[in-house]
Each structure stands twice: as structure tokens, then as C-alpha cells.
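The following block contains the structure, expressed as C-alpha cells.
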Amino acid sequence: MPKISKKGSQMPESPIRKLVPYAEIAKKKGNKVYHLNIGQPDIKTPQVALDAVKNANIEVLEYSHSAGFESYREKLSKYYKNQNIPIDTQNIIITTGGSEALLFALGSTMDVDDEIIIPEPFYANYNGFSVASGVKVVPVISSIETGFSLPPIEDFEKLITPRTKAILICNPGNPTGYLYSEEEINQLAQIVIKHDLFLIADEVYREFTYDGFKHYSVMNVKGLENHAIMIDSVSKRFSMCGARIGCIVSKNTEVMAAAMKFAQARLSPPTYAQIASEAALDTPQSYFDEVIEEYKERRDILIEELLKIEGVQVATPKGAFYCIAKLPIKSANDFAQWLLESYDLDGETVMVAPAAGFYSSPNVGLDEVRIAYVLKKEDLVKSVKILKEAIKVYNKI
Ligand SMILES: Cc1ncc(COP(=O)(O)O)c(C=O)c1O
């Protein structure tokens, strides 16, 4: 039998989805499963976006321009400018989700065996995109003790080799919820300029910041124009994960010309989803105000309840809708599987994502889980109660 590729066997399983078969077992047994494992918001998609698709009068579902609809890119540029992020239409290529934008960013800047430094824990699919691109991930550890703030700049510098091409950050962070300060972004800017690297910033959670903290984009840093690449997406902003629309943004014309060739090779992003995404830009501010208030309340209640469990440590997220919780157990992997396979509290259990999959260093984060607070407050309270009781039972086995 012919052999599959090395890449194929190295491709990591998603830590978010790998427990799905066990969740199915739990559901078959008749148990209700609270999904804290995946960032699928339960927030309604803006009506303007849904209506735009319903009202679209299309007779031939054509390819669009490889860079995406001109009208959408123009409107996006205005949207960014309204947010004080100076981005022009030609700095944007529409992609099939932020996921494809990440692949284009790696493809346009890195060769096989080049190295990318990423503060960990990080969005697990960065591992997958790196394997697909033949790129080596070099992790720099940020820890729960410092609330996952930016590791000291010396830690980055120690890791830079002649093969280092880029630093990748997620801001606000999935899975940490950490929001980098302007000062931290400026520190990163200095180091990438000094070593002539790219700074790829995944800013798909930009709007989701709490407690008056403001997001600071890499696109705002003066002098960083040729180094900065921003990844964006409509998935979380408008609760439109299934639209599969994102974009890659940069002022570096060579990067954009290279990304455009990748964009041409895959022809175009999906048409109906672009119609929805363009219309979504007319979503009133009141939608975001309500959504962000809802997430803030969910965060507050989740953190408050988690901290009531003896031995739990958690860093309060300043943005996005995830947190990493350190639990008083040895193996989060085993615990997460056991929760689905063997435990229920009155017919209910929870699904969490073991955090080890969000690190690329081996044997780190083994007692941590990632929790997405994408459920209603009462469900979050119930979920944490289940976790609390489950930990007691599990530790007695
Ligand atoms: C940090 C981060 N980047 C990128 C993505 C991918 O988003 P998309 O749905 O736009 O492909 C996600 C999805 O969860 C994410 O959390």
C-alpha cells in the first residue's frame, strides 16, 4: 500500500474536537453535554447579514475576484479606518476564514524548515497550519502565574536563529484571553524590526475586550508597515463561523503580491458568504455593546464559580471568550475523557478541551483545560458545578 506523507502523519489532531466520539457516547447514553470545549458562540448572527443572503438575486453563482469583492474590501477598509486602523482596500485580501489567511501568511513569508516563534499556549491549529506549511514552531512559554502576559523580550531573543522568519501572536488570545498592551506590542515591534522578522497578529477577537481595556493593533505601529501582517475573520465578530470569511491584511506590497498568488490558486472566497459579510458591516454598534456585555457577564460568573473550587487557578481574561483553568488533577486529558465516558451529575456532564494541545512544548499544561464561555450564564454555572463535583469523584478513583 502506498504510504501517506510525513506531513499527513505529523498533522496534529485538534484538541478541541478529538474528544467528540466520547461526547457522542455520552449523548447516546442520554446524558446532556455542556460544550465548553469549542468557541462556537450561541449569539445570533446579525439580521442584516442573514437578510442580505435571503434577498440576493443570483442566477449564476460565479467565482468572485480572487482578492474578494471590491465593494466588500472598500467597506472593510472604511470599517478599519473607523476603528483608527489605517488600512486601504489594496492592503486586504478576502480569504476563506481566518484559517486560510493564516495559511497564506505562512505560505507568503516562510520556507520549509523556517522557524516561527509563538507564545504558548496558543490557538491549537497554529500547529496544524505550521505542519501543512513545513514550518517549525518554536514556542516561548507564557504562564498562568503571570496571567499569560508577554514573555520577557529576552526570552524571544534567545530563540531567534538564522532560520527565524516571524513571530506570531494572537491578540486578544485564544486560549488565554490575554490582551497585549500597547507597550507589549511596541516591544514586539522593536524586536521584529531589529531582527528583520515578520510580526503576524491574529486579531480575530479584536472587538471582544472587557473592563475598559482597548485593543491595540499591530497595524497601528508606525515603522512596522513592512513587518506587520494582520489576520482577521467574521466568524466570531458577527457570530458567523459557518460563513468561512476572513482576510489577510498587510501594507507590505511584496507579501500581498505573494498572498495574491495563493489566493488565485484557490480561485475565490465563497460568494454568498461575502454577501453576508459585507452586509454584516452595517451591524449597529448596539449589537456589539449587547454582545460584549453578555460575554463580560459570562466571564465574571465563570471565573467567580471556578475560583470557588478548591485548588483551581485561573487567569481572568481581558478579551476573547476563553480561559485556561488549572485543575487539581494530574491529567486533564484523562479527566476530560472520563467526564464524557464515565461521569454525569443528574444526567448532565461537560466537555472541556485539555490544554496540553494548546502548547507545543511537551509535558506542559497537563493539568490545565481550556474553557470557552460561549454558553448562557445559567448553563455556565451548572457546568462549573458539574466540574466541581466531578473533580471530587475523579480524585477518589
Ligand atoms: C485565534 C483564532 N484564529 C483563527 C481562527 C479561525 O477562524 P476562522 O473561522 O475565521 O477560520 C480561530 C477560530 O476559532 C481562532 O480562535
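Among the listed residues Ile231, Ile185, identify the single one that is within 13 Å of the ligand (Cβ to nearest atom) and not acidic (Asp, Glu). So that I can check it myself, show each step before the final result.
Details: Ile185 fails: within 13 Å of the ligand (Cβ to nearest atom).
Residue meeting the stated conditions: Ile231.
Sticking with this structure for a sec: Of Ser268, Ser286, which residue is away from the ligand (no atom under 16 Å from the Cβ) and free of Cβ contacts under 8 Å to residues at least 12 places away in the same chain?
Ser286
Sticking with this structure for a sec: Of Ala263, Ala257, which residue is farther than 26 Å from Gly39 by Cα, without any contact (Cβ under 8 Å) to a residue 24 or more places away in the chain and either outside any loop (DSSP other than H, G, I, E, B) or within 16 Å of the ligand (Cβ to nearest atom) (or both)? Spell out the reasoning first.
Values: Ala263 fails: without any contact (Cβ under 8 Å) to a residue 24 or more places away in the chain.
Every option except Ala257 fails the conditions.
What single numbered condition from (1) over 20 Å from Ser239 (Cβ atoms); (2) more than 16 Å from the ligand (Cβ to nearest atom); (3) in contact with a Phe, Trp or Tyr (Cβ under 9 Å, 6 or more places away or on another chain) fails to hold for Glu70?
The single condition Glu70 does not satisfy is (3).
Do the conditions hold for Ile275, that is, is it over 24 Å from Ile118 (Cβ atoms), in contact with a helix residue (DSSP H, G or I) (Cβ under 6 Å, 6 or more places away or on another chain) and among the β-branched types (Val, Ile, Thr)?
When the stated conditions are applied, Ile275 passes them.
Right, another one. Is it true that some residue in region 202-222 is more than 16 Å from the ligand (Cβ to nearest atom) and at positive phi?
Applying the first criterion (more than 16 Å from the ligand (Cβ to nearest atom)) to region 202-222 yields 210-214, 216, 219-222.
From the residues that got through so far, the ones that are at positive phi too are 211-212.
Yes, region 202-222 has at least one match.
Something else now. For region 139-154, name all the residues that are surrounded by fewer than 18 Cβ atoms within 10 Å (Cβ to Cβ), assigned to a loop (DSSP other than H, G, I, E, B) and not polar (S, T, N, Q).
Gly147, Pro152
Let me ask something else about it. Which one is most open to solvent (accessible area, probe 1.4 Å), of the residues in region 42-76 that are of a type in the set (S, T, N, Q) and part of a loop (DSSP other than H, G, I, E, B)?
Among those residues, the one meeting the criterion is Asn57.
Being within 22 Å of Gln47 (Cβ to Cβ), small (Gly, Ala, Ser) and part of a loop (DSSP other than H, G, I, E, B) is the filter here, so list the residues in region 216-239 that pass it.
Ser235, Ser239
This table checks each residue for (1) open to solvent by less than 10 Å² (accessible area, probe 1.4 Å); (2) without any contact (Cβ under 8 Å) to a residue 12 or more places away in the chain; (3) not in a helix (DSSP H, G or I).
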site	(1), (2), (3)
Phe156	yes, no, no
Gly173	yes, no, yes
Val204	no, no, yes
Glu207	no, no, yes
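Now for a separate question. Only one of Gly39, Gly97, Gly30 is open to solvent by less than 20 Å² (accessible area, probe 1.4 Å) and on the phi > 0 side of the Ramachandran plot; which?
Of Gly39, Gly97, Gly30, the one residue that is open to solvent by less than 20 Å² (accessible area, probe 1.4 Å) and on the phi > 0 side of the Ramachandran plot is Gly97.
Out of Pro86, Pro162, I need the residue that is without any contact (Cβ under 8 Å) to a residue 40 or more places away in the chain, open to solvent by 50 Å² or more (accessible area, probe 1.4 Å) and either within 16 Å of the ligand (Cβ to nearest atom) or not in a strand (DSSP E or B) (or both). Which one?
Answer to the selection: Pro162.
Could you check how many residues of region 240-253 are in a loop (DSSP other than H, G, I, E, B) and away from the ligand (no atom under 11 Å from the Cβ)? Reasoning before the result, please.
We begin by selecting, within region 240-253, every residue in a loop (DSSP other than H, G, I, E, B); these are 240, 244-245, 251-252.
Among the residues that remain, those that are also away from the ligand (no atom under 11 Å from the Cβ) are: 251-252.
Residues that pass the stated criteria total 2.
Just one of Thr283, Thr349 is touching a Phe, Trp or Tyr at 6+ places or on another chain (Cβ under 9 Å), of a type in the set (Ser, Thr, Tyr) and over 30 Å from Ser77 (Cα atoms); which is it? Give the derivation first.
Numbers: Thr283 fails: over 30 Å from Ser77 (Cα atoms).
Being touching a Phe, Trp or Tyr at 6+ places or on another chain (Cβ under 9 Å), of a type in the set (Ser, Thr, Tyr) and over 30 Å from Ser77 (Cα atoms) holds for just one of Thr283, Thr349, which is Thr349.
If Lys136 satisfies every condition in (1) within 20 Å of the chain's Cα centre (by Cα); (2) of a type outside the set (A, V, I, L, M, F, W, C); (3) crowded, with 23+ Cβ neighbours inside 10 Å but one, which is the exception?
(3)
Go through region 128-143 residue by residue and tally those that are out of contact with any strand residue (DSSP E or B) (no Cβ under 6 Å at 6 or more places or on another chain) and more than 18 Å from Asn171 (Cβ to Cβ).
5
The values are calculated or read from the model by the stated rules, or taken from the named source; none is laboratory data. Only a predicted model underlies this, so the values are computations on that prediction, with no experimental measurement involved. FYI the Cβ positions are ideal-geometry reconstructions off the backbone, even for glycines, and counts take in every protein chain you see. Heads up: the accessible areas ignore ligands, DNA and RNA and are worked out on the full protein's heavy atoms, side chains in. Shrake-Rupley method; radii C 1.70, N 1.55, O 1.52, S 1.80 Å.
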